[in-house]
Protein chains: 2
Amino acid sequence: MIPILAQSPAPTSHRQEMSTRCSACSMHQICLPTGLKEADMDRLDQIIGRRRKVPRDTHLYRVGDPFTKLYAIRLGHFKTHQVNPNGDQQVTGFQMAGELLGMDAISTERHHCDAIALEDSEVCEIPFSRLEGLFGEMPPLLHHFHRMMSQEITREQSVMLLLGNMRAEQRFAAFLTNLSSRYSVRGYSSTSFQLRMTREEIGNYLGLTIESISRLLSKFKKRGWIKVSNRDLELLEPGMLKAVAAGTQTCA
Amino acid sequence: MIPILAQSPAPTSHRQEMSTRCSACSMHQICLPTGLKEADMDRLDQIIGRRRKVPRDTHLYRVGDPFTKLYAIRLGHFKTHQVNPNGDQQVTGFQMAGELLGMDAISTERHHCDAIALEDSEVCEIPFSRLEGLFGEMPPLLHHFHRMMSQEITREQSVMLLLGNMRAEQRFAAFLTNLSSRYSVRGYSSTSFQLRMTREEIGNYLGLTIESISRLLSKFKKRGWIKVSNRDLELLEPGMLKAVAAGTQTCA
DNA sequence: CGCCTAATTGACTCAAGTCAAATTCTGTGG
DNA sequence: CCACAGAATTTGACTTGAGTCAATTAGGCG
């Protein structure tokens, strides 16, 4: 299953095919530190176990699964959700290409949430102990990893702000604005994209019901701020949405 | 300001006084990895800049401050809160001795929240770049650090679950239960402790108003589950509180 | 003792939830 | 290509849990 997992480095000529090398990945600017040396890139390629396809609606991992690997999303979208003892669940995030999954499992060596592909996706499996092994010799890689964990902490804090303080309309505007900027960073349109998740998943993430999401979509549409057709979304007034998210504008 | 910051290791006889060494700190079991060698402990002591006292109601850092250090709480309690552009704030956590503050600032090298002492407190300042320098040579320390960051991610995810899914009564029960278990880990009573924060801060953290917190306290008191007198709290029925938090029990 | 802030309690309101029904999509098989 | 079943979404009518506003009460401290 695992291709070239050289304990001793494989000769250059035998290394993995172009399409699966970090240096050839369109996401390496987000996923990896800038200015990593060619040789270091190769060493990284060597510890990456394999590229795994994850079909739509399939689990990448589940609560309680033992943790051994992190996953870098090469392609596609995921959601993560927590399940409480009582059985009800909370979507804790939507992840897209270039983002890292599984960091919450490091502390207990068990996954704390389920990760599910929202569409046919592909991830790189990164055995964590081997990655930690590299850190000692590649400080920029370590620093980048810390930045990614830190970023996840920051992201979650802003969700806490959203869930704890904002009204429905603000939450949803913040959600759209957030997606917009993430697509923009990835070189996609910031004003026109597809929602990869159902209304129900959005609602769950934002602490609202599916009906509320539906009503908000209608309201924003009526105001002329967005154009919606099923999962296709166009932001006609991104500035307004930002203002609503910031709380400096309402839509009454 | 900075005491012994030996570039070359200081001779053993000159090292910091006992009371400020990691090995002598009552929190080192929580703060540091278990089984760190004596020599490694010494090297750690040498990079710790100083122990700083933080008087009650005083900022340890503010949003936007440049990030250079992490802070390990030696003594006391803190709260962190986010402030959104509009000015309203969300308490994102209450931290106690042995916990680490500032990890959210690594990604941008600026703090993303305010950290404020809830009582007269004391922290160890840990220059982050020096800490990263040690990681290469002390893998267990690195691993422990990753566990602490990961734990913070997990903690925030459960707050998301709380804010997104739970009713007021569940949230508050979960909050009390959480404090209880954290005191327990630190060797304090799990059923009798002081609330170091105001009702208002609790409410803000839980996405509720001060009035709701007050009503919940009264309700739990009437049920005979707790005893309250100002900030002093006693959990008479921790099992009930856990059940309410889990959603398997209501208090109607 | 008296001032100021924190907390409690009650009465009323409202934003978002619940329930229900209608409509639109999606995918599958004939 | 069309019909149809099941799922997802939208919309409306009504309910409710928690918020708001206001008035007390209790504590902390100079």
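The residues of the range A:158-190 that are of a type in the set (G, A, S) and more than 10 Å from chain B (Cβ to nearest Cβ), listed by number, are A:A168, A:A173, A:S180, A:S181, A:S184, A:G187, A:S189, A:S190. Of all the numbered requirements in (1) out of contact with any strand residue (DSSP E or B) (no Cβ under 6 Å at 6 or more places or on another chain); (2) closer than 30 Å to B:A243 by Cα, A:K79 misses one, and that requirement is (1). Residues in the range A:227-240 that are within 16 Å of DNA strand C (Cβ to nearest atom) and buried (at least 18 other Cβ atoms within 10 Å of the Cβ): A:L233 alone.
As for the range A:166-182, it holds no residue that is within 11 Å of DNA strand D (Cβ to nearest atom), in a helix (DSSP H, G or I) and not aliphatic (A, V, I, L, M). If I filter the range A:26-43 for residues that are at pLDDT below 90 and among the β-branched types (V, I, T), do I get at least one hit? Yes: the range A:26-43 contains one or more residues that are at pLDDT below 90 and among the β-branched types (V, I, T). A:F193 falls short on exactly one of the conditions (1) within 13 Å of chain B (Cβ to nearest Cβ); (2) part of a strand (DSSP E or B), and that condition is (1). The set of residues in the range A:197-234 that are touching a helix residue (DSSP H, G or I) at 6+ places or on another chain (Cβ under 6 Å) and outside any helix (DSSP H, G or I) comprises A:G207, A:L208, A:T209, A:W225, A:I226, A:V228. Residue pairs whose Cβ atoms lie under 8 Å apart, sitting 6 or more positions apart in sequence or on different chains, and linking a residue in the range B:198-220 that is away from chain A (no Cβ under 14 Å) and more than 8 Å from DNA strand D (Cβ to nearest atom) to a partner that is among the polar types (S, T, N, Q) and assigned to a helix (DSSP H, G or I), are B:R199/B:S214. So, in the range B:131-157, how many residues would count as being more than 7 Å from every other protein chain (Cβ to nearest Cβ), closer than 30 Å to B:D232 by Cα and not basic (K, R)? Summing the residues that are more than 7 Å from every other protein chain (Cβ to nearest Cβ), closer than 30 Å to B:D232 by Cα and not basic (K, R) in the range B:131-157 gives 1. Listed conditions (1) at the interface with another protein chain (Cβ under 9 Å from one of its Cβ atoms); (2) crowded, with 21+ Cβ neighbours inside 10 Å; (3) in contact with a Lys or Arg (Cβ under 7 Å, 6 or more places away or on another chain) are all met by B:M96, apart from (1).
The values are calculated or read from the model by the stated rules, or taken from the named source; none is laboratory data. Remember, it's a predicted structure, so these values are computed and weren't measured experimentally. As a convention, Cβ positions derive from the backbone with ideal geometry for all residues, glycine included, and neighbour counts pool all protein chains shown.
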